[in-house]
Each structure stands twice: as C-alpha cells, then as structure tokens.
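Q: This is the structure I want to talk about, given as structure tokens.
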Amino acid sequence: MAARPMLSVEDAEKAIAAPRVSVSSEAVALATALGRFLAQDIFSPGDIPEFDKSAMDGYAYVSGDASPAFRIVETIAAGTPPRVVVTPGQCAKIMTGAMMPVGANRVVRRECTIEENGFMKIVADDANTNIRRRGEDLKTGKLVLAKGVRLRPAQVALLASLGIAEVPVAVPPRVGVIPTGSELVDPGAPLAPGQIYDSNSYSLSAQIREAGAAPVLLGRVEDNEDATVRAITAALDECDVLILSGGVSAGDFDFVPAAMRKAGFTLQFEKIAVQPGMPTVFATKNNAFAFGLPGNPVSTFVIFEVFIKPLLLRLMGHAVRPLRQPATLTADFSRANGERAAFVPVILRDGRAELVSYHGSAHLHALGRANALLRVPVGQKALAAGSIVDVRLI
C-alpha cells in the first residue's frame, strides 16, 4: 500500500471537521447542568426585572416634589407588594429590590435623609432615581443564551433568575480510551525493569472530561495486532469516539493503523506535519471516529488539544474557538529544523510567553509547568526574544 502524504496542521483540521455530525439532546435539571452545552436557544419567558423596583434602601416619593418633609405612609419590604398610592408630601420607606408603589417615581437613598416622628427629610442631594425599571435587563422573548453555549456558574444563575428549572443540553459523546503497550503499568503498582506507568489513560480521561465529554476507560491492550483488532471492534458498542495511544509509528510492534483497517475503519490520514505528534491517525466508520496517537505523553496531550477536542465540542453543538492570543516571547527560541509546525509548552503571564525547559515529547514535567502552547509555523527555525508570537491556552 502506498504511503499516505503527511498533511499540514490546517489540512488535518479540515479533514477532521469534514464529516457531518449530529447532536443528541436531553433535558436535565438546572442544578445538574453546570458544564453542559445548550441544545437549544433560550429565550426570556418574561421581563427582567419583572416590575419596577428600588435599587437602594431609601424612600420612594414623587419626583419634583419640593415638600420640606414627607409623611411615611408605609414600609415596603422585598417580596411584599405595596398597598398605598404615594401622593405629593408623602413617601414610602422601601427596601432594595422591593416593588415601587403607585405614584412614586423616584427613590432617595437612606444616607441622604433623616427620619423622625413618622416623617422623612431630604438633607443631601441624590442625583440618581435609584429605580430598576421593568424589562431593562431583558424583555419577554429576547434571546438569552444561544444554542451551543457552555453553562458556567453565571449562566446557571441567569437561567434560575428566569424561573427555568430544566434545560435542554447536548448528550456528551462517549469517548473510549485504549492505551497500547506491553510496557505499561497502573500507577501504584511496582515497576519491573523496562516498564513505565500509564499516564496517557489519565491525561486523556481528564482532557475528555474537561471538554465536557464522557470518558470510557476500556483497558490497556498489549502489543498484539489481533488483540488490538478485538479491542477496537468491541469499543464500537460503547463509544462514539475512540482514542488509542501508542502503536502508531513504524516499529515492529506498532499495530494500530493495520488493526483499524481490519476493524472496518477507513483511514483518513496517518501523518501530520506537527511536532510533537507526527504519526497521528484519524479514521472513520459510519458515524464513529477513531484516533491513533503517539504514545509519548506530550504528543498525546497536544494532539488531543489541537485536533480531538474541537471534534468533541462539535459533537455537542459548540462553536470551536480555541483560546489564542498574541504574546511577547521573553527568550530566544530555536530548533534543529522547521519542516513541521511545532507546539511548545510555555508559561503565559501578563502578555509574556516564557519558555520552560523542554526536552521533547516525552518530557511531561515541562507540560505540567506550562499553561499554554507556543505555535511555531512551518519553516520557522528560530524566534528572537521580544517577538510577538501566537500562543494557545491549555
């Protein structure tokens, strides 16, 4: 079989974005909706505020009334409707959030008044009307939150303020994780000579969960082609997207691409001009997607962030907008060649990108210190300190 061409980062992104996807939805209680993605537009069921209300503790009176003192006709607490119409020479003592009484159209703050013997006197200027008008925040029928928005605490609070107790959200895609390699051992177990701990299961599971999807840990597979085929085939009953780490390069025990084919997948590409993570595989079968990632932990992490995470977000109806921003590089950067686009761990702080000591795709410690990835374009072998660079938050 002829070798497939190595795709650019941009062409690989296009290939992953090309298949059509459908978003499944379900209704969940608002109290459990944090972190979920809206499956429908949400419109305001009523005006917010629901009525004219006082923005301060004070006294409601008729604007322009120059009476030397105002008789207090009632006290209005939040949640209690007013009972008396306010006329000139009168006022109602009112609390923050309480409904304005009929007749009054201004509130003077308590700090600007003196109250004695059932009367209120204004003793200091108050330039504000101190009233929140009905519908000034939202009118009935206005779009509140758009389909695809992720519900953060502020959005949950907004929906609660509208009286919405149940919301339509996207069903999280199930993402299977299969690390491959006979050398892998669970954290906590003793290591025999030549063995290493399985970090990719944990990093991928955390990244999947942080993206809003549902990780499904399917267990490790040893370096055996038949066992890899069986694991891939079985995974299709349990997940929408499958990620295998390790076994994708050109070694004697790298069986993942061939196993994907035997399991009925069509390989869309097998290499990306990216560093780290060049031998990345993307495959499709009906409505299922599969990725084969290099086993080195930084490669696995970077490829997920740049290529897989956008697909998962799209499966939940979210418009993909990676968090990118320009930054000033604080030190010189260089690499041996510029044949591939590179993503390099950096610390982004106050608009400055600080390089960390980085020894390549197996150097997980460097990634643990970073909060962003510096993108170095194809053909660029060096960047001088002070350069304005493109960084991607992670």
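The values are calculated or read from the model by the stated rules, or taken from the named source; none is laboratory data. What you are looking at is a predicted structure, and each value in this text was computed from that prediction instead of being measured. Methodologically, a virtual Cβ is constructed for each residue, glycine included, from the backbone with ideal geometry; neighbour enumeration extends over all protein chains shown.
Q: Pick out the one residue from Ile232, Ile308, Ile272 that is of a type in the set (A, V, I, L, M) and more than 18 Å from Val9 (Cβ to Cβ). Outline the logic, then answer.
A: On the way: Ile308 fails: more than 18 Å from Val9 (Cβ to Cβ); Ile272 fails: more than 18 Å from Val9 (Cβ to Cβ).
The unique qualifying residue is Ile232.
Q: Here is a further query. Looking at segment 339-364 only, could you name the residues that are in contact with a Phe, Trp or Tyr (Cβ under 9 Å, 6 or more places away or on another chain) and over 24 Å from Glu10 (Cα atoms)?
A: Result: Leu355, Leu364.
Q: Please determine whether any residue of segment 220-232 is under 24 Å from the mean Cα position of the chain (by Cα) and either farther than 20 Å from Phe343 by Cα or modelled with pLDDT of 95 or more (or both). Talk me through it step by step, then tell me what you get.
A: The first filter runs over segment 220-232 and keeps only residues under 24 Å from the mean Cα position of the chain (by Cα), leaving none.
Scanning segment 220-232, I find no residue that is under 24 Å from the mean Cα position of the chain (by Cα) and either farther than 20 Å from Phe343 by Cα or modelled with pLDDT of 95 or more (or both), so the answer is no.
This table checks each residue for (1) among the small types (Gly, Ala, Ser); (2) farther than 27 Å from Leu204 by Cβ; (3) at pLDDT 95 or above; (4) out of contact with any His (no Cβ under 7 Å at 6 or more places or on another chain).
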| site | (1), (2), (3), (4) |
| --- | --- |
| Asp332 | no, yes, yes, yes |
| Gly338 | yes, yes, no, yes |
| His359 | no, no, no, yes |
| Ala362 | yes, no, no, yes |
| Leu367 | no, no, no, yes |
| Val376 | no, no, yes, yes |
| Gly386 | yes, yes, yes, yes |
| Arg392 | no, no, no, yes |
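Q: Filter the strands (runs of 3 or more DSSP E) completely within segment 310-370 down to those with at least 2 residues that are touching a strand residue (DSSP E or B) at 6+ places or on another chain (Cβ under 8 Å) and touching a residue at least 60 places away in the same chain (Cβ under 8 Å). Explain how you work it out, then say what you get.
A: Details: elements: 324-329, 341-349, 352-355.
Result: 324-329, 341-349.
Q: Could you tell me whether Thr300 is surrounded by fewer than 17 Cβ atoms within 10 Å (Cβ to Cβ), touching a residue at least 40 places away in the same chain (Cβ under 8 Å) and not in a loop (DSSP other than H, G, I, E, B)? Full working, then the answer.
A: On the way: surrounded by fewer than 17 Cβ atoms within 10 Å (Cβ to Cβ): no; touching a residue at least 40 places away in the same chain (Cβ under 8 Å): yes; not in a loop (DSSP other than H, G, I, E, B): yes.
Against the criterion (surrounded by fewer than 17 Cβ atoms within 10 Å (Cβ to Cβ), touching a residue at least 40 places away in the same chain (Cβ under 8 Å) and not in a loop (DSSP other than H, G, I, E, B)), Thr300 does not qualify.
Q: Looking at (1) surrounded by 17 or more Cβ atoms within 10 Å (Cβ to Cβ); (2) touching a residue at least 60 places away in the same chain (Cβ under 8 Å); (3) farther than 14 Å from Ala33 by Cβ; (4) out of contact with any Cys (no Cβ under 8 Å at 6 or more places or on another chain), find the lone condition where Leu159 falls short.
A: Among (1) surrounded by 17 or more Cβ atoms within 10 Å (Cβ to Cβ); (2) touching a residue at least 60 places away in the same chain (Cβ under 8 Å); (3) farther than 14 Å from Ala33 by Cβ; (4) out of contact with any Cys (no Cβ under 8 Å at 6 or more places or on another chain), the lone unmet condition for Leu159 is (3).
Q: Among the aliphatic types (A, V, I, L, M), buried (at least 24 other Cβ atoms within 10 Å of the Cβ) and either in contact with a Lys or Arg (Cβ under 9 Å, 6 or more places away or on another chain) or outside any loop (DSSP other than H, G, I, E, B) (or both), is that true of Ala290? Walk me through how you get there before you give the answer.
A: Values: among the aliphatic types (A, V, I, L, M): yes; buried (at least 24 other Cβ atoms within 10 Å of the Cβ): yes; either in contact with a Lys or Arg (Cβ under 9 Å, 6 or more places away or on another chain) or outside any loop (DSSP other than H, G, I, E, B) (or both): yes.
When the stated conditions are applied, Ala290 passes them.
Q: Output the residue which, of all residues in segment 368-388 that are surrounded by fewer than 21 Cβ atoms within 10 Å (Cβ to Cβ) and under 14 Å from Thr330 (Cα atoms), is nearest to the chain's Cα centre (by Cα).
A: Ranking the candidates gives Ile388 first.
Q: Considering only segment 212-230, state which residues are under 21 Å from Pro297 (Cα atoms) and outside any loop (DSSP other than H, G, I, E, B).
A: Ala214, Pro215, Val216, Leu217, Val221, Thr228
Q: A further question on this structure: Kindly indicate the residue of segment 222-248 that is small (Gly, Ala, Ser) and out of contact with any helix residue (DSSP H, G or I) (no Cβ under 9 Å at 6 or more places or on another chain) and also surrounded by the most Cβ atoms within 10 Å (Cβ to Cβ) among those meeting that condition. It would help to see each step written out before you state the result.
A: First, the residues of segment 222-248 that are small (Gly, Ala, Ser): 227, 231, 234-235, 245-247.
Of the ones still in play, those that are also out of contact with any helix residue (DSSP H, G or I) (no Cβ under 9 Å at 6 or more places or on another chain) are 234-235.
Values: Ala234: 14, Ala235: 23.
Per the stated criteria, the residue is Ala235.
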